[in-house]
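K.L.:
Please read through the structure below; I'll follow up with questions.
The values are calculated or read from the model by the stated rules, or taken from the named source; none is laboratory data. Note that the coordinates shown come from a computational prediction; the quantities given were computed from them, not determined experimentally. A quick note on method: Cβ atoms are made from the backbone with ideal geometry, for glycine too, and the neighbour counts reach across all protein chains shown.
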């Protein structure tokens with residue numbers, strides 16, 4: 001007998017009930033599932049009889065459109081459709097060509113070690129390693145992306161040169177090693193304790209090392225009062241904590257870095273977004289050729305909405321993409337521009 | 001068990017389109033859209049059951065039937081064709097390409 005207390009139902013079951021469009025209590029009764037703790041659910045809550053009673057969910061029901069139920073901002077479907085738009089291993093603007101171009105000033109070489117913060121599926125890191133021979137550790141908040149990204153590295157025979165690891169950006173302990181180069185790619189804007197993270201990144205930078213940061217920043221102080229901005233912020237899969245470009249630059253300087261370049265690259269990003277999505281109709285036509293592909297149409301539309309909203313914020317100037325290149329003193333960081 | 005709710009993600013876009021009704025053509029805008037259907041805003045509302053065709057700049061043309069009127073506009077069922085899926089994604093992403101001079105720090109002008 002199922003108790004009439006839906007609050008005590010396992011979270012996973014409640015989410016599934018919501019997704020299926022049913023009342024959680026009703027759903028539990030229908031499934032023949034009694035009340036259980038979260039722990040029970042973790043262990044599947046599943047006797048053989050439960051498994052038999054549970055209908056196989058349709059593929060489209062297995063994942064939320066943007067974020068799955070486990071708190072990870074990335075679902076398998078989202079990662080899949082993102083790569084159809086941005087390319088294998090990429091979850092956002094900047095293919096290998098753009099990444100290599102953007103990092104020219106880092107004067108990378110095969111003797112160097114590099115840390116990529118916000119590594120996503122590792123596409124940018126692999127492009128850098130392939131092009132410059134640099135050894136890369138990538139940090140990524142999403143366990144899903146780390147797992148898939150490492151699999152891609154393995155398939156490409158790059159598992160040793162590009163290693164991804166999951167991290168909690170709000171709770172970074174001192175890094176256990178130092179790097180010649182650090183690249184934080186659009187990853188700090190979702191971090192509340194940016195100052196702490198940047199301080200740790202400074203500590204992890206070797207003397208004369210370089211720090212490249214690209215990130216979303218506020219277009220102006222008053223933006224945060226605007227309804228459009230709040231709506232954007234509230235609908236992002238991971239909550240943004242954007243600051244002004246001056247504030248971000250200040251944090252980099254206060255950590256101890258000397259800033260060489262600090263510039264607005266919003267237009268470049270708007271163009272990258274526009275170009276990547278220009279062929280979305282063709283991607284959709286390909287997906288529609290198979291049943292598995294059809295299940296990805298709704299996640300693709302959600303991702304399209306997500307990037308359309310970001311693009312709109314960038315075009316209006318409420319949001320900007322900023323690039324900062326900084327170095328850690330101790331002899332003067334050698335950059336291409338010094339040669 | 002209660003009635004299953006439709007969890008299709010209805011996406012608001014505001015995309016401007018043209019709606020063709022035989023030889024007539026009226027301006028409409030997207031209130032929200034999903035794969036298979038679109039809610040359109042317009043001063044004119046075709047009768048329920050009317051077959052219409054929707055076109056837009058760089059957007060795949062698609063045909064459908066008016067299925068509902070509501071306070072804000074009218075809904076068109078587009079089915080689940082390839083064209084309907086292309087129409088949806090192209091409508092959502094149509095504003096990603098900036099028009100000249102559209103971009104800039106918002107408060108600079110003020």
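K.L.:
Quick test of your reading of the structure: residue B:13 fulfils all but one of (1) modelled with pLDDT under 95; (2) in contact with a strand residue (DSSP E or B) (Cβ under 6 Å, 6 or more places away or on another chain); (3) not in a loop (DSSP other than H, G, I, E, B). Name the failing condition by number.
P.N.:
(3)
K.L.:
Now for a separate question. Could you look through the range A:204-213, keep only residues that are within 20 Å of the chain's Cα centre (by Cα) and surrounded by 23 or more Cβ atoms within 10 Å (Cβ to Cβ), and pick out the one that is farthest from residue A:324 (Cα to Cα)?
P.N.:
A:211
K.L.:
Another one. Given (1) in a loop (DSSP other than H, G, I, E, B); (2) more than 14 Å from every other protein chain (Cβ to nearest Cβ); (3) touching a strand residue (DSSP E or B) at 6+ places or on another chain (Cβ under 7 Å), identify the lone condition not met by residue B:79.
P.N.:
Among (1) in a loop (DSSP other than H, G, I, E, B); (2) more than 14 Å from every other protein chain (Cβ to nearest Cβ); (3) touching a strand residue (DSSP E or B) at 6+ places or on another chain (Cβ under 7 Å), residue B:79 violates only (2).
K.L.:
Please work out which residue is farthest from the other protein chains (Cβ to nearest Cβ), limiting yourself to the range A:310-338 and to residues that are part of a helix (DSSP H, G or I) and modelled with pLDDT under 95. Steps first, please.
P.N.:
Let us first name the residues in the range A:310-338 that are part of a helix (DSSP H, G or I), namely A:310-316, A:336-338.
With modelled with pLDDT under 95 added as a condition, the list becomes A:336-338.
Working: A:336: 29, A:337: 27, A:338: 32 Å.
The extreme case among them is A:338.
K.L.:
Further question: With respect to residue A:174, is the statement that it is under 30 Å from residue A:312 (Cβ atoms), in contact with a helix residue (DSSP H, G or I) (Cβ under 8 Å, 6 or more places away or on another chain) and outside any strand (DSSP E or B) true?
P.N.:
Here the answer is no, as residue A:174 does not meet what is asked.
K.L.:
Here is a further query. Which residue pairs have Cβ atoms closer than 9 Å, lie 6 or more positions apart in sequence or on different chains, and pair a first residue in the range A:210-230 that is at the interface with chain B (Cβ under 10 Å from one of its Cβ atoms) and farther than 12 Å from residue A:248 by Cβ with a second residue that is assigned to a strand (DSSP E or B) and modelled with pLDDT of 95 or more?
P.N.:
A:219/A:244; A:219/A:319; A:219/A:320; A:220/A:244; A:221/A:244; A:223/A:319; A:229/A:218; A:229/A:319
K.L.:
Something else: Looking at the range A:160-170, which of its residues are touching a strand residue (DSSP E or B) at 6+ places or on another chain (Cβ under 7 Å) and either more than 16 Å from residue A:116 (Cβ to Cβ) or crowded, with 23+ Cβ neighbours inside 10 Å (or both)?
P.N.:
Scanning the range A:160-170 gives A:162, A:164.
K.L.:
I've got another one for you. Is it the case that some residue within the range B:34-42 is over 30 Å from residue A:315 (Cα atoms) and out of contact with any strand residue (DSSP E or B) (no Cβ under 8 Å at 6 or more places or on another chain)?
P.N.:
Scanning the range B:34-42, I find no residue that is over 30 Å from residue A:315 (Cα atoms) and out of contact with any strand residue (DSSP E or B) (no Cβ under 8 Å at 6 or more places or on another chain), so the answer is no.
K.L.:
Taking the range B:7-37 only, how many residues are more than 14 Å from every other protein chain (Cβ to nearest Cβ) and in contact with a helix residue (DSSP H, G or I) (Cβ under 9 Å, 6 or more places away or on another chain)?
P.N.:
2
K.L.:
Which ones in the range A:258-292 are without any contact (Cβ under 8 Å) to a residue 40 or more places away in the chain and either within 8 Å of another protein chain (Cβ to nearest Cβ) or surrounded by 18 or more Cβ atoms within 10 Å (Cβ to Cβ) (or both)?
P.N.:
Those that are without any contact (Cβ under 8 Å) to a residue 40 or more places away in the chain and either within 8 Å of another protein chain (Cβ to nearest Cβ) or surrounded by 18 or more Cβ atoms within 10 Å (Cβ to Cβ) (or both): A:267, A:274, A:278, A:281, A:284, A:285, A:288.
K.L.:
Here's another thing I want to ask about it. Can you pull out the residues in the range A:171-203 that are surrounded by fewer than 21 Cβ atoms within 10 Å (Cβ to Cβ) and closer than 18 Å to residue A:111 by Cβ?
P.N.:
Initial filter on the range A:171-203 (surrounded by fewer than 21 Cβ atoms within 10 Å (Cβ to Cβ)): A:171-178, A:186, A:192-193, A:195-196, A:199-200, A:202-203.
Residues satisfying the conditions are A:177, A:178.
K.L.:
Name the residues in the range B:46-58 that are within 14 Å of the chain's Cα centre (by Cα) and either within 18 Å of residue B:70 (Cα to Cα) or modelled with pLDDT of 95 or more (or both), would you?
P.N.:
Within the range B:46-58, B:52, B:53, B:54, B:55, B:56 qualify.
K.L.:
Return the pairs, sorted by first residue and then second, in which the second residue is modelled with pLDDT under 95, the first residue lies in the range A:304-321 and is more than 17 Å from residue A:237 (Cα to Cα), the beta carbons are less than 6 Å apart, and the residues are 6+ apart or on different chains.
P.N.:
A:315/B:98; A:315/B:102; A:315/B:103; A:316/B:106; A:317/B:104; A:317/B:105; A:317/B:106; A:318/B:106
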